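**Student:** My questions will all concern the structure given below.
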Amino acid sequence: MIETSSLASGVVLANEGGGGLHSVAASGAYSALWLVVGLPLLGALLLLVGGKRTNAFGHILGTAMALGSFAVGVLMFVTMLGKDDADRSVDQHLWTWAPVNEFQADIGLHLDQLSVVFVLLITGVGSLIHIYSIGYMAHDENRRRFFGYLNLFVAAMLLLVLANNYLLLYAGWEGVGLASYLLIGFWQHKPSAATAAKKAFIMNRVGDFGLAVAVFLMFTTFGSFDFADVLGGSASASDGTMTAIGLMLLLAACGKSAQFPLQAWLGDAMEGPTPVSALIHAATMVTAGVYLITRSAEIFNASPDAQLAVTVVGAITVLFGAIVGCAKDDIKKALAASTMSQIGYMILAAGLGPIGYVFAIMHLVTHGFFKAGLFLGAGSVMHGMNDEVDMRRYGGLRKYMPITFVTFGLGYLSIIGFPLLSGFFSKDKIIEAAFAKGGTSGWILGAVTLLAAGLTAFYMTRVMLMTFFGKERWKEAPAGAPADWHEPHPHESPTSMTGPMILLAFGSVFAGGLFVLNESFVKWLTPVTGFSHGDLPMSEWAVTGMALSMVALGSAVAYVQYARRDVPAVAPAASLVTVAARRDLYQDAVNEGLVMRPGQYLTRLLVWFDNRGVDGFVGGLAAFIGGTSARVRKVQTGFVRSYALSMFGGTLLVVACTLMARMA
Amino acid sequence: MNPVNYLYLSALLFTIGAAGVLLRRNAIVVFMCVELMLNACNLAFVTFGRMHDNLDGQIIAFFTMVVAACEVVVGLSIIIAIFRSRRSASVDDASLMKW
């Protein structure tokens, strides 16, 4: 039966599916759920369809839509707080998209403890970044288009986390990919930005292919896309199927979350405007992979092989990003490498199963705060430094940008895991969870996370010291500077930019503490993701102690290298490892060698085959017919008498044949 | 007289007509040769009618005459039209082929 409930009345279909997700129909305050997605979508439509007419108020409208969505999100959260665990998750069936016999594609939203966390993060951080962008993009003539894309992104991301089935999730997944492409290439007049946008889009397609295959597999296995049916039925399907679905989901997560081996696009994505880097490529979109794995917890729980693959990918990426981050001189690329590494932490935690899901999400949220804050800080620095991104051309900026310095500093302390700040709690929990996995793999994963914590401290201290401390290297003209080079005049950014940075700094400092207080975050998410303590082979204090010593060690090394000595304004010659890290551990070379070149050869081969083989046959046939025609054409002389002759000849032939037939 | 002689005459006339059609350039002469061929056929038809003692051959000869009369009307008009536009009655000049 086709359910034709209307939007406005909020009449919904109760989802009675068994298994992981028990939920009730949305009613009361919950019936406004669709507005969370609807408002930013409306904003995007108005701004992108309205065109130049909306130029004057586009940025206000876009920000208002994001804030409105945040307000509805808060309403949802407050409503959810007032209910028992059992009643907290709700479904809102909006309409049936494509009902074809067995195939039911529904547009429906699902709100539970997990998705509400994402809704608050996306709309909250999203709103702050909208506000920041008003100032940051003030002088860009395409500011209205920028806000249209930002709204589009927010809407797509919310659709991704609120969808109640994998097909709709896929729609949101593609939507954020599109918005990411549009925003990375926002300054498309720069060839580097246009290329980076294409690179991100194409690498994401590889991951999206994985998600598509996973969705196909789910439909053939369970006959439905609904979370309730798929996750509820996961125990009944064969191990092989679950592993296949899990690995395909992991591929999807690798693409979207820039995990090994699909990580190469994230660094280039920094070509986009800095608010984009903060919102999409640090706080929200790149964490979609973590959401996907956590949401599909039942699938991964049913397949230890897929889980192992997830932890391996996470462990590789956490180190990969950290090593690259240690050598980058471009402040945004250093932060991007750090993002990759931190998401590696989350993926690793998500791969640990119920021990880690909660902490993956917790780190995701705190990371959303401090990394968005760090990126906004970087944007503020660039804003005051004539868009210079090379940290070797910074130095001593703390005097000129006190607010940026303090907010960036708090984000920095949070990310390296300074005690009692947000990052300390969330990262510490992941390290504990890695050890608590038990067995050899637990020890290896624990060691990896500890090592990465040290590296994180090193590269973030390096960023901090090179930017805000030391000599003011920007005062001297760089070698090979253009004739019209003039010294930058670093200055603090306007309030519309510093305001969001201050608020995010609050999040970076206090969020983690709030989450672990009374274990509130664990209790909140447990009904959705499940939770188990695992068994830690040592005391929690020992883990914390080791983590803190790694952090102290990393910071100390960075201090010796970048504070006690002067930082050269041009990158000095360095060891092989450093050079490799500066070149992103040759990720582009590897991709080019393994994928691009063979692809080009294959393409050339196909082109050759097309030119010679297919075109040769078709062309040969045409030439044959053409040649024959040219010869036959000569028969048509235009002389009546020759036609008459051929007529006589023909007649004679007919007569001769008739006679011969008679004779015989 | 032996009717076969008429057939010989008919064949001779037909050959003369055919040769004229193929060899002469003047459209009027070609036309006259066509008529000669038609009449040779008529003669053959009538002769066969006589030889087989029925009227079919003679009837067909009448049909041929009617058709030939129509053909003369149309054919001559075409020749005159061509002559007026091209100032020539040569059948070879009537070729409009580009190559």
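Quick note: the coordinates plus some simple rules give every number you see, no bench work behind them. Since the model is a prediction, treat every value here as computed from it, not as a measurement. Counting neighbours? That spans all protein chains shown, and the Cβs are built from the backbone with ideal geometry, glycine included.
**Student:** Tell me the mean residue ellipticity at 222 nm calculated for chain A from its helices only (DSSP H runs of n ≥ 4, each -39500 (n - 2.57), averaged over every residue, nearest 500).
**Tutor:** -22000 deg cm²/dmol
**Student:** Under 20 Å from a label point 7 Å along Cα→Cβ of A:GLN561: give me every residue in the range A:353-393 with its amide N that close.
**Tutor:** Within reach of a label on A:GLN561: A:390-393.
**Student:** Going by a ≥ b ≥ c, the root eigenvalues of the Cα gyration tensor, does the range B:3-87 fall in the rounded group (a/c under 1.5), the prolate group (a/b larger than b/c) or the oblate group? Working shown, then result.
**Tutor:** Numbers: a/c = 6.47, a/b = 1.87, b/c = 3.46.
It comes out oblate by the Cα gyration axes.
**Student:** Using a Förster distance of 30 Å, how high is the FRET efficiency between A:HIS491 and A:VAL577, based on the Cβ-Cβ distance and rounded to 0.05?
**Tutor:** Details: r = 38 Å, r/R0 = 1.26.
FRET efficiency, A:HIS491 to A:VAL577: 0.20.
**Student:** Simple spin-label model, 7 Å along Cα-to-Cβ: B:ARG86 to A:ALA56 in nm?
**Tutor:** 7.8 nm
**Student:** Now, a different point. Give me the lysines in straight-line cross-link reach of A:LYS634: C-alpha distance below 29 Å, same-chain residues under 8 apart excluded.
**Tutor:** Result set, ordered by chain and number: B:LYS98.
**Student:** Something else now. Quick check on the exposure proxy: order A:TRP443, A:TRP541 from fewest to most C-beta atoms within 10 angstrom.
**Tutor:** Values: A:TRP443 14, A:TRP541 8.
Lowest count first: A:TRP541, A:TRP443.
**Student:** Could I have the simple spin-label model distance between B:LEU9 and A:MET538, label points 7 Å from Cα toward Cβ, reported in nm to one decimal?
**Tutor:** With each label point 7 Å from Cα toward Cβ, the separation is 13.6 nm.
**Student:** Arrange the following residues from fewest to most other Cβ atoms within 10 Å of their Cβ: A:LYS429, A:LYS83, A:LYS371. If you can, show how the numbers build up before the last one.
**Tutor:** Working: A:LYS429 26, A:LYS83 13, A:LYS371 30.
The most exposed by this proxy come first: A:LYS83, A:LYS429, A:LYS371.
**Student:** By how many degrees, 0 to 90 and rounded to 10, does the Cα axis of helix B:56-86 deviate from the longest principal axis of chain B?
**Tutor:** 10 degrees
**Student:** Of A:LYS371/A:LYS429; A:LYS256/A:LYS332; A:LYS427/A:LYS523; A:LYS198/A:LYS427; A:LYS328/A:LYS429; A:LYS256/A:LYS437, which sit over 24 Å apart, Cα to Cα?
**Tutor:** Details: A:LYS371/A:LYS429 18 Å; A:LYS256/A:LYS332 19 Å; A:LYS427/A:LYS523 18 Å; A:LYS198/A:LYS427 33 Å; A:LYS328/A:LYS429 28 Å; A:LYS256/A:LYS437 26 Å.
Pairs exceeding the cut-off: A:LYS198/A:LYS427; A:LYS328/A:LYS429; A:LYS256/A:LYS437.
**Student:** Between A:ALA569 and A:ALA644, with labels modelled 7 Å along Cα→Cβ, what's the label distance in nm to one decimal, could you check?
**Tutor:** 10.2 nm
**Student:** Here is a follow-up. Determine ³J(HN,Hα), in whole Hz, for all residues of the range A:269-280 in sequence, where each value follows from phi through the Karplus function 6.51 cos²θ - 1.76 cosθ + 1.60 and θ = phi - 60°; x replaces Gly and Pro.
**Tutor:** So the Karplus estimates, Gly and Pro as x, are 4, 5, 5, x, x, 4, x, 5, 4, 5, 7, 8 Hz.
**Student:** May I ask you to sort A:TRP485, A:TRP173 by Cβ crowding, counting other Cβ atoms within 10 Å and putting the fewest first? Don't jump to the answer; show the numbers that get you there.
**Tutor:** On the way: A:TRP485 11, A:TRP173 28.
Ordered from fewest to most neighbouring Cβ atoms within 10 Å, A:TRP485, A:TRP173 come out as A:TRP485, A:TRP173.
**Student:** Between A:VAL654 and A:ASP610, how high is the FRET efficiency from 1/(1 + (r/R0)^6) when r is the Cβ-Cβ distance and R₀ = 41 Å? Nearest 0.05.
**Tutor:** Working: r = 49 Å, r/R0 = 1.20.
So the FRET efficiency works out to roughly 0.25.
**Student:** Another question, if that's okay. Please report, in debye to the nearest 20, how large the charge dipole of the protein assembly as shown is about its Cα centre when each Lys and Arg carries +1 at its beta carbon and each Asp and Glu carries -1 there.
**Tutor:** Working: 48 positive and 47 negative charges, 604 e Å.
Dipole magnitude for the protein assembly as shown comes out near 2900 debye.
**Student:** Report Rg (one decimal) and Dmax (nearest whole number) for the protein assembly as shown, counting Cα atoms only, units Å.
**Tutor:** Cα-based Rg and Dmax for the protein assembly as shown come out at 42.3, 144 Å.
**Student:** Along the charge dipole of the protein assembly as shown, pointing to its positive end and built from +1/-1 on Cβ of Lys, Arg, Asp and Glu, which listed residue (A:LEU94, B:LEU22, A:PHE77) has its Cα farthest out?
**Tutor:** The Cα lying farthest towards the positive end belongs to B:LEU22.
**Student:** Sticking with this one: Provide the FRET efficiency to the nearest 0.05 for the A:GLU472-A:THR628 pair, computing r from the beta carbons and using R0 = 60 Å.
**Tutor:** Values: r = 83 Å, r/R0 = 1.39.
According to the calculation, E is roughly 0.10.
**Student:** Any idea what % of Cα-Cα pairs in the range A:334-426 are farther than 23 Å?
**Tutor:** Numbers: 1313 of 4278 pairs.
Everything past 23 Å amounts to 31 percent.
**Student:** Hey, which aspartates and glutamates would be in cross-link range of A:LYS52, C-alpha to C-alpha under 20 Å, not counting anything within fewer than 8 residues on its own chain?
**Tutor:** Counting by Cα, and skipping residues close in sequence, A:LYS52 has these aspartates and glutamates nearby: A:ASP140, A:GLU141.
**Student:** A follow-up question, please. So in chain A, what percent of DSSP beta bridges are antiparallel if you round to the nearest 5?
**Tutor:** Just about 85 percent of them are antiparallel.
**Student:** The range A:252-331 to the range A:25-70: how many Å between their Cα centroids?
**Tutor:** If we compute the Cα centre of each part, the gap is 29 Å.
**Student:** Additional query: Per-residue mean of other chain beta-carbon atoms within 10 angstrom of the beta-carbon, peptide B:85-98? Don't skip to the answer; put the middle values down first.
**Tutor:** Numbers: counts 0, 0, 0, 0, 0, 0, 4, 6, 1, 3, 6, 1, 5, 1.
Average per residue, whole number: 2.
**Student:** Determine the gain in length on full extension of the stretch A:TRP443-A:ALA194; use 0.36 nm per residue of separation and subtract their C-alpha separation, reporting nm with one decimal.
**Tutor:** Details: separation 249, 0.36 × 249 = 89.64 nm, distance 4.34 nm.
So the chain would gain 85.3 nm between A:TRP443 and A:ALA194.
**Student:** With the contact rule set at Cα under 8 Å and sequence spacing of 6 or more, what percent relative contact order holds for chain A?
**Tutor:** Details: 1129 pairs, mean separation 78.5, N = 664.
It comes to 12 percent, rounded to a whole number.
**Student:** Would you calculate a helix-derived [θ] at 222 nm for chain B, using -39,500 (n - 2.57) for each DSSP H run of n ≥ 4 and dividing by the full residue count, to the nearest 500? Numbers along the way, then the final one.
**Tutor:** Details: 3 runs with 77 residues, N = 99.
Result for chain B: -27500 deg cm²/dmol, rounded to the nearest 500.
**Student:** With just the Cα atoms defining each centre, how far is the range A:337-377 from the range B:12-84? Give it in Å.
**Tutor:** The two parts, judged by their Cα centres, are 104 Å apart.
**Student:** Using a simple charge model, +1 on the beta-carbon of Lys and Arg, -1 on the beta-carbon of Asp and Glu, nothing else, what dipole does the range B:3-87 show about its Cα centre, in debye to the nearest 20?
**Tutor:** On the way: 6 positive and 4 negative charges, 125 e Å.
Approximately 600 debye in magnitude.
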